[in-house]
Each structure stands twice: as C-alpha cells, then as structure tokens.
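The values are calculated or read from the model by the stated rules, or taken from the named source; none is laboratory data. Everything quoted here is computed from the prediction, not taken from an experiment. In this analysis, Cβ positions are derived from the backbone assuming ideal geometry, glycine residues included, and neighbour counts consider all displayed protein chains.
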Amino acid sequence: MTDMNFLERNLLALSSHNTRLSFQIGTAKKSPGLEIVTSRSGHMVPVFIQGNRKLPLHSTFDPKREGNRYARMFPTGGFLVFLGFGAGYHILPFLERNYVSNIIVIDKDIGMFKTVLEAIDLRFLCLDRRVTFLIDYTTVQIQDYILSNYFPAVCGDLQTLHLLSRLQTEEDYFTDVMTVIKQTINTISDDYTVQVHFGKKWFKNTILNLPRAQLATTALPPVKKAIVTGAGPSLETQIPMIRKERSSSCLIATDTSLPALLTYDIKPDLVISIDCQHISYHHFLSGYPRDIPLVLDLASPPGLTRLTEKLVFFTSGHPLSRYVNANWRKFPFIDTSGGNVSHAAVSLADSLGAHEITLFGADFSFPEGKSYSRGTYIYPYFRIKEFRNIPLESQFFSFLLRNKNIEKEYDQDMIRYTTKPMISYKERLESAAASLSGRIIHSQGKGVPLNFPSKTPDRRNTKAFASLFAAGSPKSDWRVFLDQYNRQLHNLPEPSEPFTSYFYELEARERDLWTTLFPAVATFRQEYVNDGIDGIKLLKQVKRWSTALLGPVTT
C-alpha cells in the first residue's frame, strides 16, 4: 500500500464525523520537522527533528507493546484527554474499553499530523466516534470544546494523559493547555457539585411551577437607580443609608434580607429568590407584603408562589428552564451563575436598566464571627433550640464552623472569617460587573472589600427605555406542553454505549431533551455512587423517574 493510499483511507475515515479536519489535513503541507522510521517490531514511529537532535515519540523497539503497557498504568474510563498524539500507540488500547466515553486528542502542527497519517494506517482510530482531534486549537477553543461536550454525570471523570516525549518538544504550548484544562475542570466541578445537590429539585420544582407560571402576568418597569440588599451583618449599620437612598432608588431585597428590612419598617420594591430548597420558605415566615412583586426562578420551591399574586418568573441556566423558555413560554433571563442571590439581584437590576446599583449587606464573609444580620431567619430558628447549656451564641458559632476549610483573617482590630465558596461568590460578582451597563457601588461595612471597575454612569443607557421585564405569551396550556414533553421523553431512543456515539447521532431536538435530565442524572450518580452504575444505566433510570413524575401520557 502506498503512502497516498494510507492518507486517503485515513482521511476518508476521519471525514465520517469530522469533515472540516479531514479537509484541513488534505490541503496542509507536510512538516519538515518530522520523519518516520521503522521500529524493530516493524511498526512505524514518528521522530521529531529539533536541530541535530532526533526524538522518537514512541519506542523504536516495539511501540505497540509500549502502548499496551502505558494503558495498563491507567485502568480508567470516562472522559480522557490525551496531550500529544505521536502515532497514537498509547491511545489505541483505550478504544477496547466500552467504559471510555470520550477520547480527546490535543496536539499542535497539522503538518506533522498529516505526515503521520500518510505513513500509518489509523483508520480504526479515526472511525471511532468517541475520538475527537483538536489539532492547532487555541486554549480558548479547547476550553469551549470541553465546556460544550463534557457531561460529568454521564461521561464520568475527566482525566488527562500525557505523551511525555511529545510534551518535551512543545513545552510552552502544552503547559498553557494544561493550565486551561485545570481551570475548566474547576469551573465544571463547581457547576457539577451544584447539580449533584439540586438536580432533582430543579426538575420537580420547574414542573410543579408551570401552572402558576402560566398565570403570572406581572411586569416590572425600567429603573434608573437600584439598591440591592444582602443579608450580611453589615446591613444592620447600613439601615440609615438605605433610608436616605430609598426615595430615589428601586430597592431590590434578596429573600434572606427581607425579614431584616421589615424589622426596620423598610418595605422593598421587589424581592428576589433563587434557592430551590424548601428552606427558602423560612425567609418569609414573618410575613410577606402581598403588594410587592416576588421575582422567582422557575425552579424555586412551589410553596413560594402562594405568597403573592404579583409573581414574576425568570429563566436561568438550568437546562429544563431553558427548554421551557424555548418551547413553551419565553421568560426574562437573570444570571444566577454567581451561585448566590445577591449576584442574581444585581443581574435583575441591570436587566431593569439601572445605571447605578448600590450594594448593602454584601459581606461575603463572617465579620467578627457573625453570619447574618439581625432580623433574618436564622435568629428565630436558633432561638427555638436555645437552652441554658446551648446559648444562642454557641449555636451561631457552631453554624459558622460547619464550613470546611474556614479561614480567619485580621482587619485592623477585627477578626473576619471567610470560606472558599464565599470568596468564589465575590470573585464571580466582580468579574460579572465588567459586563454590566451601569456601575456597582459597594457600601462596605465589616465584610470583605469588593473591587468593581470604575465606570461613569451612562444616563442614556438604552436599557432604561427597553421593554418591560415580563414574560411572553404561552404557546399552549401548560398541560399540553407537559404532555408533549412527556411523550417526547418516552419516545427517546434507548441510550447505548458508547455514549458519545449515541448522543451525537440523535437529532438536535432529542439531544435537547436529554440535556434537560442531566442535572438529575448528577444527583442520581451521587445517590448510587457506591453501586458502580455507569452513565447509560443512570440515563435509563432518570428517564423512568422523570416520566413517572410527569404521569401517563394523556393524548
């Protein structure tokens, strides 16, 4: 077989699921920095040429045996990212494992890749739908690909495997790649952790909230200035400032801060709640002024929808919420990616067109060991449990120390406690502030300082003259929508291994349906962590759970 025949066959195999890369390789020039030699076992080995130095990328004795030995060192599956390709001898053994969901190959220099494909028959590797080649991708493109294609609940753990001989030839490039992969994993890990805790709740709550969401017609007008109140201890000392600013600003209270404001006879203009847990109801036990609009995530606890008739639902990043938004009724969007309600309240203020947003009670820490402002739900909650030998102060401190890896810092003569999640919330809000139309002013008390970009408020901000913050018209009755959704879930093709091949052979509509279930899959994976259930079995189980929750198809 000639070299050209190898290339044609490899490119034909590759084009079956990556036409773009196949074309790029076909039109690329061969790299002069690579030559192919024959090993003692008769296998072809690429050799990297660097000046007078020649570096074989695989064993020149028996690269296939070396590849098998390498694979035995990593008896793993899941989502595998290989840094460095060479000729793929270290990758081929992993194709025999059905529990490998994805194989991502990252390398540089498409000319070198073409040289290898001309000399070695790699059709088996190129034809496998689990395998994706990211050749000459920037770190931004690599990050985007992983974020779009890695589903931890189904794919399993992500692991990076290195071809050390190749990494030595492009140290700067692969160092940058490893850095961005680590950052991407941290981002996905944070999101996945949230899905593990709340995936099933998001699904249940969204389904149960649709009847009220259909009736919700409250619209919020644009505003010029906004106040956002968090529930940090500093809120207590900032009440006079809030009273002073109140008359010229729209006061948006987070659900946690509402009872504290009412204690001081301050009535907000809006209240926002994003937590899907039933504990959110504790913030409203002291009463809710029924004339104040309540802004709720579609996945909020259904019990909250009975607090007032002035409901404003919004959609966030939850997959089912996005599906509802696209296929039933369009709701306004609020950014909840910050992980806390103060971040969401700032996003709401920005959506309403505020050119200036002032933050009060946003401490993102426990100044002097205090967790919340007086008047918040935690005070009556702990007072119920208070005894002579379990005083209120002891309960507060125990509540504080339940956080793992809590850190203590000193600010002049004051002690302040922080946690990694709180610092993460702070950093996400600081990052989001750069994309806001207006500026954020942080009224700092005893909490951690927040660093926001300096901006000149644009009073001609176009958002201030935009349409009302309100939902569109439902495309059908909520029962009809749910029945259609349920039927489509029932009709999904049964999932099979390998997951990647199954998933990307589906129609876009079918992939969207599965995506609505992924957060619940994360919760199920955690619940069955000791049972060794793979991603495909979990998908089947979650499909049965969701369709049972929706009930029988009626039409």
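Check off (1) surrounded by fewer than 20 Cβ atoms within 10 Å (Cβ to Cβ); (2) part of a helix (DSSP H, G or I) for THR218 and give me the number that stays unchecked.
With respect to (1) surrounded by fewer than 20 Cβ atoms within 10 Å (Cβ to Cβ); (2) part of a helix (DSSP H, G or I), THR218 is out only on (2).
Write out, first by first residue and then by second, each pair whose Cβ atoms fall under 6 Å of each other, whose residues are 6+ apart or on separate chains, and whose first residue, in the stretch 426-452, is closer than 18 Å to PHE366 by Cα and assigned by TED's automatic domain parsing to the domain that holds ILE334 while the second is of a type in the set (A, V, I, L, M) and modelled with pLDDT of 90 or more.
HIS442/LEU359; HIS442/LEU450
Taking the stretch 344-380 as the search range and keeping residues that are in a strand (DSSP E or B) and not polar (S, T, N, Q), which one is nearest to ILE279 (Cα to Cα)?
PHE366
Residues of the stretch 137-184 being among the charged types (D, E, K, R), outside any helix (DSSP H, G or I) and surrounded by fewer than 17 Cβ atoms within 10 Å (Cβ to Cβ), which ones? Break it down into steps so the answer makes sense when it comes.
At the first step, the residues of the stretch 137-184 found to be among the charged types (D, E, K, R) are 144, 157, 166, 170-172, 176, 182.
So of that shortlist, the ones also outside any helix (DSSP H, G or I) come out as 157, 170.
Answer for the stretch 137-184, where residues must be among the charged types (D, E, K, R), outside any helix (DSSP H, G or I) and surrounded by fewer than 17 Cβ atoms within 10 Å (Cβ to Cβ): just ASP157.
For the stretch 426-449: of the residues being touching a His at 6+ places or on another chain (Cβ under 7 Å) and surrounded by 19 or more Cβ atoms within 10 Å (Cβ to Cβ), which is nearest to ASP350 (Cα to Cα)?
Filtering first and then ranking leaves GLY438.
Exactly one condition in (1) under 30 Å from ASN327 (Cβ atoms); (2) crowded, with 19+ Cβ neighbours inside 10 Å is false for THR229; which is it?
Every listed condition holds for THR229 apart from (1).
Quick check, is ALA260 more than 21 Å from the chain's Cα centre (by Cα) and over 19 Å from SER248 (Cα atoms)?
yes
If I ask for residues that are at pLDDT 95 or above and more than 27 Å from the chain's Cα centre (by Cα), which ones from the stretch 271-306 would you list?
Answer for the stretch 271-306, where residues must be at pLDDT 95 or above and more than 27 Å from the chain's Cα centre (by Cα): ILE292, PRO293.
Charged (D, E, K, R) and free of Cβ contacts under 8 Å to residues at least 60 places away in the same chain, is that true of ASP136? Give the derivation first.
Values: charged (D, E, K, R): yes; free of Cβ contacts under 8 Å to residues at least 60 places away in the same chain: yes.
Yes.
Might you check whether a residue that is surrounded by fewer than 23 Cβ atoms within 10 Å (Cβ to Cβ), in contact (Cβ under 8 Å) with a residue 60 or more places away in the chain and closer than 22 Å to THR376 by Cα occurs anywhere in the stretch 312-329?
For the stretch 312-329, residues surrounded by fewer than 23 Cβ atoms within 10 Å (Cβ to Cβ), in contact (Cβ under 8 Å) with a residue 60 or more places away in the chain and closer than 22 Å to THR376 by Cα: absent.
One line per residue, one yes/no per condition, for (1) aromatic (Phe, Trp, Tyr); (2) surrounded by fewer than 24 Cβ atoms within 10 Å (Cβ to Cβ); (3) within 23 Å of PRO221 (Cβ to Cβ):
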| position | (1), (2), (3) |
| --- | --- |
| ILE239 | no, yes, no |
| SER257 | no, no, yes |
| TYR264 | yes, yes, no |
| PRO268 | no, yes, yes |
| ILE272 | no, no, yes |
| TYR281 | yes, yes, no |
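Let me confirm something: among PHE203, PHE198, which residue is crowded, with 17+ Cβ neighbours inside 10 Å and at pLDDT 95 or above?
Details: PHE198 fails: at pLDDT 95 or above.
After applying the criteria, what remains is PHE203.
Under 8 Å between Cβ atoms, at least 6 apart or on separate chains: pull out the pairs that start in the stretch 518-533 with a residue that is at pLDDT below 85 and end on any residue that is among the basic types (Lys, Arg).
Pairs that qualify, where the first residue is at pLDDT below 85 and the partner is among the basic types (Lys, Arg), are ILE533/ARG525.
Within the stretch 144-165, can you find the residues that are in contact with a strand residue (DSSP E or B) (Cβ under 8 Å, 6 or more places away or on another chain) and among the hydrophobic types (A, V, I, L, M, F, W, C)? Reasoning before the result, please.
The first filter runs over the stretch 144-165 and keeps only residues in contact with a strand residue (DSSP E or B) (Cβ under 8 Å, 6 or more places away or on another chain), leaving 145-146, 149-150, 152, 154-163, 165.
ILE146, VAL154, CYS155, LEU158, LEU161, LEU163 - these are the residues of the stretch 144-165 that are in contact with a strand residue (DSSP E or B) (Cβ under 8 Å, 6 or more places away or on another chain) and among the hydrophobic types (A, V, I, L, M, F, W, C).
Is there a residue in the stretch 433-441 that is in a loop (DSSP other than H, G, I, E, B), touching a Leu at 6+ places or on another chain (Cβ under 7 Å) and at pLDDT 90 or above? Explain how you work it out, then say what you get.
In the first step, residues of the stretch 433-441 are kept if they are in a loop (DSSP other than H, G, I, E, B); the result is 434-438.
If we keep only those that are touching a Leu at 6+ places or on another chain (Cβ under 7 Å) as well, we get none.
No; the residues of the stretch 433-441 include none that is in a loop (DSSP other than H, G, I, E, B), touching a Leu at 6+ places or on another chain (Cβ under 7 Å) and at pLDDT 90 or above.
Before we move on, is ARG460 of a type outside the set (A, V, I, L, M) and either modelled with pLDDT under 85 or outside any helix (DSSP H, G or I) (or both)?
Working: of a type outside the set (A, V, I, L, M): yes; either modelled with pLDDT under 85 or outside any helix (DSSP H, G or I) (or both): yes.
Answer is yes for this residue.
For (1) at pLDDT 95 or above; (2) assigned to a loop (DSSP other than H, G, I, E, B), each residue gets a yes or a no:
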{"residue": "ARG20", "(1), (2)": "no, no"}
{"residue": "LYS29", "(1), (2)": "no, yes"}
{"residue": "GLU35", "(1), (2)": "no, no"}
{"residue": "ILE49", "(1), (2)": "no, no"}
{"residue": "PHE74", "(1), (2)": "no, yes"}
{"residue": "PHE82", "(1), (2)": "yes, no"}
{"residue": "PHE85", "(1), (2)": "yes, yes"}
{"residue": "ILE106", "(1), (2)": "yes, no"}
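As an exercise: evaluate ASP363 against (1) surrounded by fewer than 21 Cβ atoms within 10 Å (Cβ to Cβ); (2) of a type in the set (D, E, K, R); (3) more than 19 Å from TRP478 (Cα to Cα) and give the number of the one condition it does not meet.
Result: ASP363 passes all but (1).
Looking for whichever is farther than 30 Å from LEU296 by Cα, out of contact with any strand residue (DSSP E or B) (no Cβ under 6 Å at 6 or more places or on another chain), touching a residue at least 24 places away in the same chain (Cβ under 8 Å) and not aromatic (Phe, Trp, Tyr) here; the options are GLN168, GLN195, GLN141, GLN214. Which one fits? Break it down stepwise before answering.
Details: GLN195 fails: farther than 30 Å from LEU296 by Cα; GLN141 fails: touching a residue at least 24 places away in the same chain (Cβ under 8 Å); GLN214 fails: farther than 30 Å from LEU296 by Cα.
GLN168 is the lone residue from the list that is farther than 30 Å from LEU296 by Cα, out of contact with any strand residue (DSSP E or B) (no Cβ under 6 Å at 6 or more places or on another chain), touching a residue at least 24 places away in the same chain (Cβ under 8 Å) and not aromatic (Phe, Trp, Tyr).
In the stretch 254-297, what residues are closer than 19 Å to GLY375 by Cα, assigned to a loop (DSSP other than H, G, I, E, B) and of a type outside the set (Val, Ile, Thr)?
Result: ASP255, SER257, TYR264, ASP265, LYS267, PRO268, ASP269, LEU285, SER286, GLY287, TYR288, PRO289.
In the set LEU7, LEU14, which member is in contact with a Phe, Trp or Tyr (Cβ under 9 Å, 6 or more places away or on another chain) and either in contact (Cβ under 8 Å) with a residue 12 or more places away in the chain or crowded, with 16+ Cβ neighbours inside 10 Å (or both)?
Working: LEU7 fails: in contact with a Phe, Trp or Tyr (Cβ under 9 Å, 6 or more places away or on another chain).
Answer to the selection: LEU14.
Suppose the filter is more than 13 Å from LEU117 (Cα to Cα) and without any contact (Cβ under 8 Å) to a residue 12 or more places away in the chain; does GLY33 pass it?
Answer is no for this residue.
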